[in-house]
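Participant: I have a structure here, written as structure tokens, and I will follow up with some questions on it.
The values are calculated or read from the model by the stated rules, or taken from the named source; none is laboratory data. Quick caveat, the model's predicted, so the values are computed rather than measured. Neighbour counts are summed over all protein chains in view; Cβ atoms, including those assigned to glycine, are modelled from backbone coordinates with ideal geometry.
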Amino acid sequence: MHLVIGILIFGITNFLTAEPQETLKLVSSENAPYVSSSEEKGVLLEITEAALKKAGYQIKVDFFPWIRAKVYANPKGYHGILPLFGQDHFEDGFVTSDPILKNDLGILSKQSLDAKDGTDLYRYLAQNPSLQYSALRGDSIKFPFLRSGNLTLCSSNQQQIELLGLNRIDAAIIDKHIASDIIVNSLPHLINKLKFTNLDLKDPYYYLGFSKTIPDHLELRDRFNKALKEIRSSGEYHQIVSKYGFHRHENYIGKKNIVIGAVKTPETLAMKELSQHYQNKYPNIEIIWEILDETQLRNKLWGGIRLDYVPYDVITIGSFESRVWPRKKWIAPINTAAYDLNDFIKPVIDSMKYEDEVYGIPFYSESVMTYYRKDVFEKAGIAMPAQPTYQQILKYAKKIHDPKNNFYGIGIRGKPGWGQSIAFISLLVNTFGGRWFDRQWNPEIDSTEWRDALKFYKKLLEFAPPQPWELGWQENQNLFSKGKIGILVDATSLAGRLYDSKKSEVHDKIAQTKAPRSKYLGGEKWLWSWAFAIPANTSSKAEANSFIRWATSKEYVRLAARTNGWVSVPLGARYSTFNKQYKKVAPFADFVLQEIITSKSTNFTAKPIPYSGPQFVSIQGFPAIGKNVARNISLYVQDKLSLAEALADSQAFAKHHFRLNNRLEN
């Protein structure tokens, strides 16, 4: 497998003498979230890409198992290897860059292991001669106290964790973030069964290694190092590490620090700006925001919970987490005495309750509706019905599709992810009569209903913008607001931006109607909220609760309205938001409120089911299952997998993980 990253600089005088289009060939291994061949390339690969772009290069990365990558890095014509770490860079075959990023190498083990944070690896191994442990084959960690039979060398990090889960080893030497990514996305049955111990390392950094077989390897290293310093100075480095949640926050002396892990939406970005008002009111508190895209935040939160290192005092959770996390005691109940709970829309606040206690306070909520360009429909002679069918939507999208003029019939979620493409696909499957599981928790992904729904999904994407598998709700929202899409089926919460004259070129050309249906009416829309919650392990619960009260209050809504206009306030959580001032600038207000109130979290499928949530399955293993299905469907719409292959693999994955651990919940 290889990944080609184009980094070309045209017409710019660079400080380097390298040709702008010269290609550097690197080898690496799949180790998300550091390096990956997926769309999310990983924090190390993106930093390397940015520095080499500054140096005037494009790079080509080939991916192999780690031992092969290190072998191939020298004699096969490659310029280097990413990453090397610790003792690796003392190997004779490479010279290394300056440190790129601090690693989190440590010991992953069962809960019973007595290792403590800050453990010296070699001393610990010497003091525990019977310990059975593993490492990645090809790593050059030295084991001076190794006893025969103690060490198992594995071909992948996932194999290390699998052996640990099977009790064939006591511990694995692995990076914390790599371990959490694997558990989140591939081995959810190991939730809460493992712990991570940080090691005391003399050289805890990742490097880019340059092969000594390349004649100009020293010059390449120096150029890279100079470029790396430049992107650190410019702030680009900080943007990349923050994107992946690797930023290490400074402590503000004399103040109480509150670290907030928030999903990246227009509402949270606006709140970050307005939070200075809160800090002015409470000058002894310093708010530190870490805003990540939906996938990155979920990976960090889920990974942290699995390995007990959630680094936040306040987090944003959704309606999925509110159904799963309270019963696991991963988040704390919120004291709601100071909240006007009756002002919260009833199904919205009810979705945040577990055993009569509230575990999250919503700051905005949504259902699904169909946006369309009324001017385009009028010109085409189309009358949109109050309750369209998907078959009608397909017909309309085909009629108004005009790619020669950069205008596309429809925008639907295609970016793979259980909160992206799967959110839409689940609704489509519901309304085609399908379900994820039967009442005995047998997967029903490889079924006629799923097959019909996905064939239709692929047909719809023929009238979407190019590369629809790269487009999520944000990308489609932006395209629609720029007048590039005729129909958009997505969240009601997008309305504020689409109808805002400051942010949308078509704000006065939009109409809305209900979400489409097919054979079955009832599962065509969701109820989703983004809410603030408090991790159970934070020591700042009182301060966290204080911030949440402010951020979800009526006063905050009025502040947002004064600052950015009523049309852009957080929508769908409180009845009081739907007031005369709001309705005056939001022609969609009454419609959206009705769609939220009438959304279902049960009885949304044609056949009986054992789970709640129309666009997800309310079990803790669903993120792994959803991600796998999303990946397979993405490959199907790109013609890289047949539909039969995509469904069969998805079915097998779900079945395998259910067999490993009863409903992925224990």
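Participant: For region 61-79, check the following and say yes or no: at least one residue is modelled with pLDDT of 90 or more and either aliphatic (A, V, I, L, M) or on the phi > 0 side of the Ramachandran plot (or both).
Facilitator: Yes - at least one qualifying residue is present in region 61-79.
The rows are residues; the columns are (1) touching a Pro at 6+ places or on another chain (Cβ under 9 Å); (2) in a helix (DSSP H, G or I).
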| residue | (1), (2) |
| --- | --- |
| Ser501 | no, no |
| Gly522 | yes, no |
| Ser529 | yes, no |
| Phe532 | yes, no |
| Asn537 | no, no |
| Arg558 | no, yes |
| Thr563 | no, yes |
| Gly572 | yes, no |
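Participant: Examine region 594-617 for a residue that is within 20 Å of the chain's Cα centre (by Cα) and hydrophobic (A, V, I, L, M, F, W, C), and state whether such a residue exists.
Facilitator: Looking for residues that are within 20 Å of the chain's Cα centre (by Cα) and hydrophobic (A, V, I, L, M, F, W, C), one finds at least one in region 594-617, hence yes.
Participant: Can you tell me which residues in region 340-397 are more than 30 Å from the chain's Cα centre (by Cα), assigned to a loop (DSSP other than H, G, I, E, B) and either surrounded by 15 or more Cβ atoms within 10 Å (Cβ to Cβ) or aromatic (Phe, Trp, Tyr) (or both)?
Facilitator: Ile382, Met384, Pro388, listed by residue number.
Participant: Moving to a separate point now. Name the strands (runs of 3 or more DSSP E) wholly inside region 154-227 in which the number of residues that are among the β-branched types (Val, Ile, Thr), under 26 Å from the mean Cα position of the chain (by Cα) and within 23 Å of Pro99 (Cβ to Cβ) is 2 or more.
Facilitator: Of the strands (runs of 3 or more DSSP E) lying wholly inside region 154-227, those with at least 2 residues that are among the β-branched types (Val, Ile, Thr), under 26 Å from the mean Cα position of the chain (by Cα) and within 23 Å of Pro99 (Cβ to Cβ) span 171-175.
Participant: Let me ask something additional. Report yes if some residue within region 638-645 is out of contact with any Leu (no Cβ under 6 Å at 6 or more places or on another chain) and crowded, with 22+ Cβ neighbours inside 10 Å; otherwise report no.
Facilitator: No; the residues of region 638-645 include none that is out of contact with any Leu (no Cβ under 6 Å at 6 or more places or on another chain) and crowded, with 22+ Cβ neighbours inside 10 Å.
Participant: Would you check which residues across region 145-171 are of a type in the set (Gly, Ala, Ser) and either within 14 Å of Ser186 (Cα to Cα) or at pLDDT 95 or above (or both) and list them?
Facilitator: Selection gives Ser156, Gly165.
Participant: Any idea which residue in region 243-261 is farthest from Ile287 (Cα to Cα), counting only those that are basic (Lys, Arg) and at pLDDT below 85?
Facilitator: The selected residue is Arg248.
Participant: Sticking with this one: Can you pull out every residue in region 254-298 that is under 30 Å from Leu108 (Cα atoms) and either of a type in the set (Phe, Trp, Tyr) or in contact with a His (Cβ under 9 Å, 6 or more places away or on another chain) (or both)?
Facilitator: Matches in region 254-298: Asn257, Val259, Ile288, Trp289, Glu290.
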